[in-house]
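Encoded as structure tokens, the structure appears first; notes follow it.
The values are calculated or read from the model by the stated rules, or taken from the named source; none is laboratory data. Please read these numbers as outputs of a predicted model, since none were measured by experiment. Cβ placement follows ideal geometry from the backbone for every residue including glycine, while neighbour counts extend to all protein chains displayed.
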């Protein structure tokens with residue numbers, strides 16, 4: 001994005017008109033194969049987070065292991081985090097991104113679901129857009145080391161000392177985020193029967209998705225969407241204060257004054273992909289994701305180089321608020337052939353016109369378009 005032009009009248013003071021853009025935008029794309037578990041079920045949660053952007057509780061895809069709290073009860077010892085089979089996740093390469101960008105915010109998230117060729121199953125997908133809020137579990141490729149033990153050695157999050165520590169099990173992550181779950185321990189799974197309770201959800205059979213494909217969109221839902229988060233976690237921050245616990249002969253210091261915003265889920269909706277009735281332990285579909293990201297350059301990089309270019313003489317005619325108002329008219333979930341026919345950017349306007357035409361008696365046009373869109377409860 002280019003900077004806003006300088007006012008000619010105030011050129012001596014060098015005060016820019018409007019809000020000069022200090023960020024850049026880029027896109028991240030990922031594609032994953034989804035498989036059913038031994039019960040013919042699958043689940044995947046797309047999160048507005050670069051550290052853990054996708055996770056599953058049923059081994060729907062093979063990826064990095066999620067890092068979870070050890071539930072062993074040995075007294076007086078440090079409990080190192082563990083990995084649990086089937087609890088997987090993916091993280092973008094934030095280490096490389098952190099070299100160029102310091103902080104970021106999600107502008108939009110989109111997903112495309114396709115059934116794999118040759119799949120013949122009576123299974124059904126249930127898709128939902130959910131305003132989740134909380135922290136994503138780390139993956140073993142991005143596990144933060146930001147806690148010092150009483151002995152002065154570094155411990156991994158979510159380690160804890162003793163038998164009554166803050167156990168960040170998978171079930172607690174799901175509960176805190178706002179997802180339906182089956183248990184609070186590490187064997188927790190997303191409760192598929194309750195995904196339909198989300199107001200913004202849609203269902204489709206395997207044959208429908210195979211023939212038409214599915215598109216999903218995660219849109220902003222609160223003011224946190226404007227907040228920039230850290231690209232990488234940091235042991236220095238202002239999220240909380242340090243806590244020192246006196247345990248007799250031992251003193252346990254937990255550095256809570258860190259920047260954990262890299263794992264924060266807020267501002268933008270998350271997407272839940274679930275399904276049941278598929279062939280057990282067999283590939284089902286592919287999930288393609290695209291993240292539109294707005295980022296602030298790493299200040300250390302800016303000491304070495306900065307983007308150049310002509311300063312535009314025309315200011316943007318639309319504000320962020322006006323753009324958000326328009327994109328909220330786009331349905332969260334729709335069949336892919338709708339996108340093919342009318343274009344994603346025009347979908348909301350065309351559906352609105354179809355509804356208005358139907359009210360005036362042109363039912364054929366309205367009904368023709370309504371069949372192309374998955375209804376939300």
Task: Which listed residue is out of contact with any strand residue (DSSP E or B) (no Cβ under 6 Å at 6 or more places or on another chain) and either assigned to a loop (DSSP other than H, G, I, E, B) or at pLDDT 95 or above (or both), from 89, 118 - done: 118
- [ ] Report, ordered by the first and then the second residue, all pairs with beta carbons closer than 7 Å, sequence separation of six or more or different chains, a first member in the range 67-87 that is under 17 Å from residue 140 (Cα atoms), and a second member that is surrounded by fewer than 12 Cβ atoms within 10 Å (Cβ to Cβ) and at pLDDT below 90.
- [x] 79/72
Task: Residue within the range 131-150 that is closer than 26 Å to residue 282 by Cβ and free of Cβ contacts under 8 Å to residues at least 60 places away in the same chain present - done: no
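Matching residues to (1) in contact with a strand residue (DSSP E or B) (Cβ under 8 Å, 6 or more places away or on another chain); (2) modelled with pLDDT of 85 or more; (3) in the same structural domain as residue 276 (by TED's automatic domain parsing); (4) in a loop (DSSP other than H, G, I, E, B):
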residue	(1), (2), (3), (4)
186	yes, yes, yes, yes
196	yes, yes, yes, no
204	yes, yes, yes, no
211	no, yes, yes, no
232	no, yes, yes, yes
236	yes, no, yes, yes
239	yes, no, yes, yes
253	yes, no, yes, no
Task: Options 334, 274: the member that is outside the structural domain of residue 227 (by TED's automatic domain parsing), modelled with pLDDT of 60 or more and under 19 Å from residue 218 (Cα atoms) - done: 334
Task: So residue 168, is it part of a loop (DSSP other than H, G, I, E, B), under 22 Å from residue 73 (Cα atoms), touching a residue at least 24 places away in the same chain (Cβ under 8 Å) and within 20 Å of the chain's Cα centre (by Cα) - done: yes
